[in-house]
1. Using mean Cβ contacts within 10 Å as the protection proxy, how do 20-26, 43-49, 99-105 order, highest first?
2. Return the percentage of antiparallel bridges among DSSP beta bridges fully within the chain, rounded to the nearest 5 %.
3. Quickly estimate the mean residue ellipticity at 222 nm for the chain, helices only: each DSSP H run with n ≥ 4 gives -39500 (n - 2.57), and the total goes over all residues, rounded to 500.
4. Considering amide H positions built from the backbone, and no H for Pro or chain starts, which residues 5 or more places from PHE141, or on another chain, come under 5 Å of its amide H?
5. Of the cross-linked pairs LYS130/LYS151; LYS13/LYS80; LYS2/LYS161; LYS130/LYS155, which ones have a Cα-Cα span greater than 22 Å in the structure shown?
Amino acid sequence: MKELIRDIHNWPKPGIIFRDITPLLKEEAAFSGLIDELVKEFRDKEIDVVAGIESRGFIIGAAMARELGVGFVPIRKKGKLPWETVSETYSKEYGEDALEIHKDAIGEGDKILIVDDLIATGGTALASAKLVEKLGGTPRFCFVIELRPLKGMEKIRAYKKFALMKF
C-alpha cells in the first residue's frame, strides 16, 4: 500500500511534501486492504462510534464504522455543520482554525475512535480529542500515515493511538 501513496512536493506551500492517499483509495483491492488492516487493529477494542476528521477521515472512518458495526459522525471545519455544535480552536503554522461536532453526536461515556488519513503536527487531532471529551466521550486515534519528523504523536501522547504507515 505504501507504494500507492503519492508524494507531491512543495504543496500546499514550498518545502512541504504532501502525502496523497487518493491513488490508494482509487484501487479497489488496495482500499479494501487498507480498511481490513485498520479494522483488524480495532476489531477487539470497545468502540461505540467512529468520528472522521474532515475530509479524508470521512472516507476512511465511514468505511471502518461499517466494518466495525458502529455509527459514524463527522468532525468538520467551523461553520459546515447544520445543527447545534461544540467547537474547539487550535493553532496552525499560519494562524488559528476551529473544528466542530454536533452536540448530540456523542454520549456520555462513549468510546470514540477518531480517524484521519494522517497525523502531522497533531493540532487537528488534539482539537478533535478535546471535542470528544467536551461531550463526555473517551477518544482514541487511528491514522493511515504518521509523519514522524513533525512529532504529532507527541501532542496526543495522553491518548491511545495507531498509525498503519510511518514516513
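Read the figures in this text as sums done on the coordinates, not as results from a lab. Remember, it's a predicted structure, so these values are computed and weren't measured experimentally. Cβ coordinates were reconstructed from backbone atoms using ideal geometry, including for glycine residues, and neighbour counts include every protein chain displayed.
1. 99-105, 20-26, 43-49
2. If I count the DSSP bridges inside the chain, around 40 percent turn out antiparallel.
3. After summing the helix terms and dividing by the residues of the chain, the value is -8500 deg cm²/dmol.
4. The list, which skips near neighbours in sequence, is ILE114, LYS160, LYS161, PHE162.
5. Flagged as over cut-off: LYS13/LYS80.
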